[in-house]
Number of protein chains: 2
Amino acid sequence: MTALQRIQAAKDASYSLASVSTASKNEALKLIAELLVARSAEILVANSIDLEQAVKSNLATGLQDRLRLSDARIKSLADSINDVIALPDPIGEIVQAKTLENGLDLTQIRVPFGVIGVIYEARPNVTIDISALAIKSGNAVVLRGGTAAENTNIALAKVLKEALASSSLSPELVQTVDDFGRQGANEMMAARGLIDVLIPRGSASLINAVVEGSKVPVIQTGDGVTHVFIDESANPDWAVEIVFNSKVQRPATCNALETLLVHESVASTILPKVLDRLVAAGVTIHADQKVNSIYPDSVLATEADWHAEYYTLDLAVKVVASLDEAIDHIKKYSTHHTESIITSDEAHAERFLAEIDSAVVMVNASTRFTDGGQFGFGTEVGISTQKLHARGPMGLRELTSTKWLARGAGQTRA
Amino acid sequence: MTALQRIQAAKDASYSLASVSTASKNEALKLIAELLVARSAEILVANSIDLEQAVKSNLATGLQDRLRLSDARIKSLADSINDVIALPDPIGEIVQAKTLENGLDLTQIRVPFGVIGVIYEARPNVTIDISALAIKSGNAVVLRGGTAAENTNIALAKVLKEALASSSLSPELVQTVDDFGRQGANEMMAARGLIDVLIPRGSASLINAVVEGSKVPVIQTGDGVTHVFIDESANPDWAVEIVFNSKVQRPATCNALETLLVHESVASTILPKVLDRLVAAGVTIHADQKVNSIYPDSVLATEADWHAEYYTLDLAVKVVASLDEAIDHIKKYSTHHTESIITSDEAHAERFLAEIDSAVVMVNASTRFTDGGQFGFGTEVGISTQKLHARGPMGLRELTSTKWLARGAGQTRA
């Protein structure tokens, strides 16, 4: 089959899934979770081939770690499928209902998109996570993982299809186009009318390439140049703890802190304590001139640092003269993911909440809270940084559309 | 100013609008409505220049009619602004709120997109309608109307900017790029990060060009190859009235009927009555072989007829052997706008509602009901035929996004 034929097969299969019961979907998910564990050995053999190749091609060690599976990690993938089984099914939910004066009965219900496309990098967990979320939300899925995980993904897709074949659902619901290389991704981006929504997951350059190249509607996720602003009235202890938690708890995530702004009136008092705590944990401080003069244990920042999503123990730090200057800096450099102000001034807090144009705007809290699990969605489809359709942490509901049902008895328009 | 500078000016102005009171927005809208009427003479002079040019260039008479303004039409534009004033303001609406166990307070509120771009054809009413809806929903707007309405749109934009200048809002909230011709539209489609959402309004070819060319997220509207299926158990009187109303009441709209499917068991009984009524109203029947043999007062349909959005008193008609064949035909040719079944069989009705993948799916009702006004949204931004963000008739709320506000007291993630 060509890549386009596989995409078409996903579309054809998607129709049958739209009206399948929650029980049938959960049963299929349970079979997938069980087969994953039963086939661990086979999956790990495939994974070891990818890992060998990764070492040979000098793939960054962080990416090697993402690529690596183990019995424990496969078990944890199966557990996450069981978490998805436990989530409520969004399909069929009544969004709104009304009866018009002429008696026409209108009901807006939640329906699947149809086919979700996912283009991602060397993260085999996405293959399983997204497939489970897609099936639970009534969607077929077309996957294009990175070549670095090609053998692992083939083994995982085989498990997905085998488990589906033994369930009441169609094995055609999960399709991969990895074996077509870049052409597979291009076919997906051109498949308007077959793929209903495309979700890129990975680096900023991957996401930009999909946003620029796709004719299918895209949901842009991740990509977090996240800011914390320490205002002049900030509680010093909160400043130390929130900045530390935002930067250090898990630096390789999109909600980790990348740029710290500090009001000049507290730069010499609060800032050294904040930075001491970070440096003790191994963080490199990329400082503007003022920060560097106050805190010499830092390197001078360049323009690139204000744009940087480090994903590492690095932090850009800048002194600003006012709340206005902080807001202006964020407007210029933010990727509209998460920003937080540390302040005791309620008026400043409310201005920050109103004027910062990001998916999540915080007062006196760690940026690490921007997360589907933390928000109580029970899962993590991704964090949307765009304004259309979904903004912020995305749950199962964000993988659905709606349609209007109109039930009449011969009504015509006057 | 270049086109890009105007788009940037709209973006800059949009920040100030995000936290403006409903009263201030309504006051500005009232000033626009008043100035429109006060400047009627000037607007009509500009319009007459466009109309002269339209005659010279043989613009289709339907488009000439859409282009033509009059005192009465300007009055009606002002009235529609007053309707928008009366609508509830969606901005600031709380979508959901929760407090996490750690005390972090989460509120998801409705916020403006920021900047809405509209690319449309020779319809000066869109200039006013969309600007009013954008302002009420807290958005700046960048307009690119067709060259056929260039002088009219310049006059209307002048009124919009003058009225805004005399209000508490910024005149920069409304920008036009008409004077840059095609380049203006291209700049809009490339303005990712400045324009938040692009809405094309007009012909299928205009909409496709924007969908294919835009790097800004698009909401696809209109484009209705709309179907009615007369099932074997259809009430004959309902069939006659619903088909007549769907086709004839206002054929130049996207919710008008374009293809009629009829079950073979009632083709010789119900169909002639249905078609007689249409032909008497001047409708041309484009018939498949079977329909043509039953009803000779018809022309033979070609493949193009099943794809046609006529917008005129033309109707494609086809006999099908079953509900399944009707559903398959619709799957193949529908633009996912509106489809209706006429049936007395509840199981067939429910199958049609479940399996047809369109924005609005009806039982025993006229397709003409797919309309923001009819649905009680009080206005008509357009009818979305895509699945992302909005589906079906779009009200003010569909011109908004959301953001999460998180209010804490030093919370960090464990």
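What follows is calculated from the coordinates using simple rules that are stated; it is not laboratory data. Quantities reported herein were computed from a predicted structural model and do not represent experimental measurements. Neighbour counts are summed over all protein chains in view; Cβ atoms, including those assigned to glycine, are modelled from backbone coordinates with ideal geometry.
What does the charge count near B:LEU29 come to, summing +1 for each Lys or Arg and -1 for each Asp or Glu among other residues with Cβ under 15 Å from its Cβ? Value of the local net charge: -3. The listed peptides B:198-204, A:81-87, B:281-287, ordered by packing as a protection proxy, come out as B:198-204, B:281-287, A:81-87 (highest mean of other Cβ atoms within 10 Å first). For the protein assembly as shown, the Cβ-based charge dipole about the Cα centre amounts to some 260 debye (Lys, Arg positive; Asp, Glu negative; other atoms uncharged). With a simple spin-label model that places each label point 7 Å from the Cα along the Cα-to-Cβ direction, the separation between A:SER16 and A:ASP345 comes to 6.3 nm.
For the listed residue pairs A:LYS11/B:LYS403; A:LYS11/B:LYS387; A:LYS11/A:LYS161, the alpha carbons are over 22 angstrom apart in A:LYS11/B:LYS403. Seen from B:ASP371, the other residues with C-beta closer than 12 Å to its C-beta sum to a net charge of +2, counting Lys and Arg as +1 and Asp and Glu as -1. Over all pairs of different C-alpha atoms in chain A, the reciprocal of the mean inverse distance, the Kirkwood hydrodynamic radius, equals 23.2 Å. Averaging the sequence gap over all C-alpha pairs within less than 8 Å and six or more residues apart, then dividing by the number of residues, gives chain A a relative contact order of 18 percent. Within the same chain, lysines fewer than 8 places from A:LYS290 are excluded, and of the rest, those with a Cα less than 19 Å from its Cα are A:LYS273, A:LYS318. Name all residues of the stretch B:204-222 having a backbone nitrogen under 18 Å from the label point set 7 Å from the Cα of B:THR312 along its Cα→Cβ direction, giving them as ranges. Under 18 Å, as judged by backbone N against the label point of B:THR312, lie B:204-205 of the stretch B:204-222. Residues whose amide H lies under 5 Å from that of A:ALA301, counting only those 5 or more places away or on a different chain, are A:ALA287, A:ASP288; hydrogens are built 1.01 Å from N in the peptide plane. Couplings 3J(HN,Hα) of the stretch B:258-271, computed from phi: 10, 10, 9, 10, 9, 5, 4, 5, 10, 5, 8, 9, 7, 4 Hz, in residue order, whole Hz [Karplus 6.51 cos²θ - 1.76 cosθ + 1.60, θ = phi - 60°; x for Gly and Pro].
Quick one: net charge around A:SER168, please, counting Lys, Arg +1 and Asp, Glu -1 for every other residue with C-beta under 10 Å from its C-beta. For residues surrounding A:SER168, the net value is 0. Here B:LYS158 is the anchor, and the aspartates and glutamates within straight C-alpha reach of less than 14 Å, apart from those fewer than 8 places off in the same chain, are B:GLU34, B:GLU42, B:GLU150, B:GLU172, B:ASP178, B:ASP179.
Toward the positive end of the charge dipole of the protein assembly as shown, with +1 on the Cβ of Lys and Arg and -1 on the Cβ of Asp and Glu, the farthest Cα among A:PHE375, B:ILE43, B:ALA267 is that of B:ILE43.
With both labels modelled 7 Å from their Cα along Cα-to-Cβ, the B:VAL95 to A:ALA204 distance reads 2.5 nm. Its relative contact order, with pairs defined as Cα atoms under 8 Å and 6+ residues apart, puts the stretch A:226-369 at 33 percent. Shown in residue order for the stretch A:89-97 are the 3J(HN,Hα) couplings computed by the Karplus curve 6.51 cos²θ - 1.76 cosθ + 1.60 at θ = phi - 60°: 7, x, 6, x, 3, 8, 7, 7, 8 Hz (x for Gly and Pro).
What is the magnitude of the charge dipole of the stretch A:226-369 about its Cα centre, with +1 placed on the Cβ of each Lys and Arg, -1 on the Cβ of each Asp and Glu, and no other charges, expressed in debye to the nearest 20? Charge dipole of the stretch A:226-369: 440 debye, to the nearest 20. Cβ-to-Cβ counts within 10 Å put A:MET394, A:MET1, B:MET362 in ascending order as A:MET1, A:MET394, B:MET362, the fewest first. For A:ILE230, the amide hydrogen comes within under 5 Å of the amide hydrogens of A:LEU261, A:VAL262, A:HIS263, A:ILE342, counting only partners 5 or more places away or on other chains and with H modelled in the peptide plane. For the peptides B:48-54, A:221-227, A:336-342, residues were scored by their other Cβ atoms within 10 Å and the scores averaged per peptide; the highest-first order is A:336-342, A:221-227, B:48-54.
Once you order the gyration tensor axes a ≥ b ≥ c over the Cα atoms, which shape class does the stretch B:124-226 get: rounded for a/c under 1.5, otherwise prolate or oblate by comparing a/b with b/c? Verdict is prolate for the stretch B:124-226. Counting only Cα atoms, the size of the protein assembly as shown along its three principal axes is 90, 71, 43 Å, in decreasing order. Placing a label point 7 Å from Cα along the Cα-to-Cβ direction at A:PRO88 gives distances to the equivalent points in the other copies of 2.1 nm, listed shortest first. Shortest first, B:ALA38 label-point distances to identical copies amount to 7.9 nm, with the label point at 7 Å from Cα along Cα→Cβ. Can you tell me how the stretch A:221-340 classifies by the Cα gyration tensor, rounded, prolate or oblate, using a/c under 1.5 as the rounded cut? Rounded. Using only the alpha-carbon atoms, how far is helix B:3-17 inclined from the longest principal axis of chain B? Give it as 0 to 90 degrees, nearest 10. Approximately 80 degrees, to the nearest 10.
Ranking A:THR127, A:VAL210, A:ILE154 by Cα position along the charge dipole of the stretch A:89-210, where only Lys, Arg, Asp and Glu carry charges on their C-beta atoms, puts A:VAL210 farthest toward the positive end. Compared with the dominant Cα axis of chain B, that is its longest principal axis, helix B:181-190 is turned about 80°.
The calculated FRET efficiency for the pair A:ARG182 and B:ASP65, based on their C-beta separation and a Förster distance of 56 Å, comes to about 0.70. Residue and whole-Å distance for the chain A Cβ lying nearest the axis of the A-onto-B rotation are A:HIS389, 2. Working from Cα positions, state the angle (0 to 90°, nearest 10) between the long axis of helix B:124-136 and the longest principal axis of chain B. Its long axis makes an angle of about 60 degrees. Here the 3J(HN,Hα) profile of the stretch A:399-414, calculated from phi with Karplus coefficients 6.51, -1.76 and 1.60 at θ = phi - 60°, is 9, 10, 10, 10, 9, 9, 9, 10, 10, x, 9, x, 5, 10, 8, 6 Hz, Gly and Pro shown as x. Highest mean packing first, where packing is the average number of other Cβ atoms within 10 Å per residue, the peptides B:346-353, B:236-243 line up as B:236-243, B:346-353. Between copies, A:THR107 shows label-point distances of 3.4 nm, shortest first, with the point placed 7 angstrom from Cα along Cα to C-beta.
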